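See structure below.
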Amino acid sequence: MQKEVRYTDHLKRRIILRGYDDSLPQQIFEQSIELYIDTQTSHHIAVVEIMIRGEMRLMTISYDEFPTRIVTIHPIKRNQINNRIKLRRWIKQ
């Protein structure tokens, strides 16, 4: 059973601007096992490697948990994730 997830207006604009499929944020939310808390924004972070335009890419979403509302989406590199963990910006959930 899928959890009801809402998209912010900002996320909707990012989807259009980047040409992503509308279902991509929901897929990342459902498939991610790499989860963090952003200590600066208090958003939850989900990271997943997923096929985008024929290549595997690390993608991240920021979301609020109650109610579940996805705030934004963007590609990310492993070194960016590692730096955020090292600086304690992101804490493993």
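When you go through (1) within 23 Å of residue 92 (Cα to Cα); (2) touching a Pro at 6+ places or on another chain (Cβ under 9 Å); (3) modelled with pLDDT of 95 or more one by one for residue 25, which number turns out not to apply?
(2)
Contact list please: Cβ distance under 6 Å, first residue in segment 41-68 and hydroxyl-bearing (Ser, Thr, Tyr), second residue buried (at least 17 other Cβ atoms within 10 Å of the Cβ) and in a loop (DSSP other than H, G, I, E, B), pairs at least six apart or on different chains.
62/43
Can you pull out every residue in segment 28-48 that is more than 11 Å from the chain's Cα centre (by Cα) and either small (Gly, Ala, Ser) or farther than 19 Å from residue 91 by Cα (or both)?
42
For residue 36, indicate whether it is touching a helix residue (DSSP H, G or I) at 6+ places or on another chain (Cβ under 7 Å) and open to solvent by less than 70 Å² (accessible area, probe 1.4 Å).
When the stated conditions are applied, residue 36 does not pass them.
Each row is one residue, and each column tells you yes or no for (1) open to solvent by less than 100 Å² (accessible area, probe 1.4 Å); (2) of a type in the set (Lys, Arg).
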{"position": "5", "(1), (2)": "yes, no"}
{"position": "10", "(1), (2)": "yes, no"}
{"position": "13", "(1), (2)": "no, yes"}
{"position": "18", "(1), (2)": "yes, yes"}
{"position": "24", "(1), (2)": "yes, no"}
{"position": "32", "(1), (2)": "yes, no"}
{"position": "41", "(1), (2)": "yes, no"}
{"position": "44", "(1), (2)": "yes, no"}
{"position": "52", "(1), (2)": "yes, no"}
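Might you check whether a residue that is closer than 16 Å to residue 3 by Cα and of a type in the set (Val, Ile, Thr) occurs anywhere in segment 13-32?
There is at least one residue in segment 13-32 that is closer than 16 Å to residue 3 by Cα and of a type in the set (Val, Ile, Thr).
Just to be sure before I move on: is residue 85 modelled with pLDDT of 95 or more and in contact with a helix residue (DSSP H, G or I) (Cβ under 7 Å, 6 or more places away or on another chain) in the structure I sent?
Here the answer is no, as residue 85 does not meet what is asked.
The values are calculated or read from the model by the stated rules, or taken from the named source; none is laboratory data. Since this is a predicted model, take the numbers as computed values, not measurements. Cβ sites come from the backbone with ideal geometry, for glycine too, and all protein chains shown count toward neighbours. Ligands, DNA and RNA are stripped out before the accessible areas are found, and what is left, the full protein with its side chains, is counted by its heavy atoms. Shrake-Rupley method; radii C 1.70, N 1.55, O 1.52, S 1.80 Å.
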